[in-house]
Every structure is written in structure tokens, then in C-alpha cells.
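Below: the structure, in C-alpha cells.
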Amino acid sequence: MLKNHTSEHFPFLGISDNYSVSDFRCRTIFYTALTRLLMVDLGEDEDEFENFMLPLTVSFETVLQIFNNNFKQEDVKVG
């Protein structure tokens with residue numbers, strides 16, 4: 001569970017047209033529980049922590065790429 005915490009495994013983590021505030025609450029509770037498991041399970045094992053963070057890192061990099069691509073568009077540059 002610590003290595004597979006993506007929307008592929010937990011659909012409420014994904015983006016949908018029908019999302020609600022309760023979905024955000026579920027995400028918060030889910031990541032709170034995962035973080036507690038991580039701290040109990042791993043202690044100070046940096047490699048395991050990096051493995052845990054990998055799905056989040058990939059998601060953040062994807063969002064960053066989307067923002068960068070949108071910023072490079074001509075309409076945004078003319079400002």
C-alpha cells in the first residue's frame with residue numbers, strides 16, 4: 001500500500017468530472033493514514049521514503065509540465 005497509492009489503485013485519488021468535497025476529505029484522511037503507516041513502518045529509512053514519495057513526485061512533475069506548457073503559449077507571453 002505504501003508503494004501503490006495512485007488513482008490506478010484508489011479511484012478517489014483521481015480526477016473526475018463528478019468530484020465532490022468529500023473526495024478531498026477522503027484524500028486527506030487517506031494520506032494522513034499512509035503517513036502514519038510510513039512513520040511506523042520505516043522509521044528513518046530514506047530509500048523507502050523516496051519509494052513512498054515517487055507516485056506523488058510523478059504527479060507533481062506532470063502538473064508542473066502542464067503549467068510550463070500553458071505558460072509557453074503565445075497568449076500567456078503577451079502580458
Subset of the stretch 10-33 (residues that are farther than 18 Å from F60 by Cβ and either modelled with pLDDT of 70 or more or not in a loop (DSSP other than H, G, I, E, B) (or both)): P11, F12, N18, S20, V21, S22, D23, R25, C26, I29, T32, A33
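Taking the conditions exactly as written (surrounded by 11 or more Cβ atoms within 10 Å (Cβ to Cβ), assigned to a helix (DSSP H, G or I) and at pLDDT below 75), does D75 satisfy them or not? Give the derivation first.
Details: surrounded by 11 or more Cβ atoms within 10 Å (Cβ to Cβ): no; assigned to a helix (DSSP H, G or I): yes; at pLDDT below 75: yes.
The answer is no for D75.
The values are calculated or read from the model by the stated rules, or taken from the named source; none is laboratory data. No experiment lies behind these values; they were computed from the predicted model shown. So basically every Cβ, Gly included, is an ideal-geometry build from the backbone, and we count neighbours across all protein chains shown.
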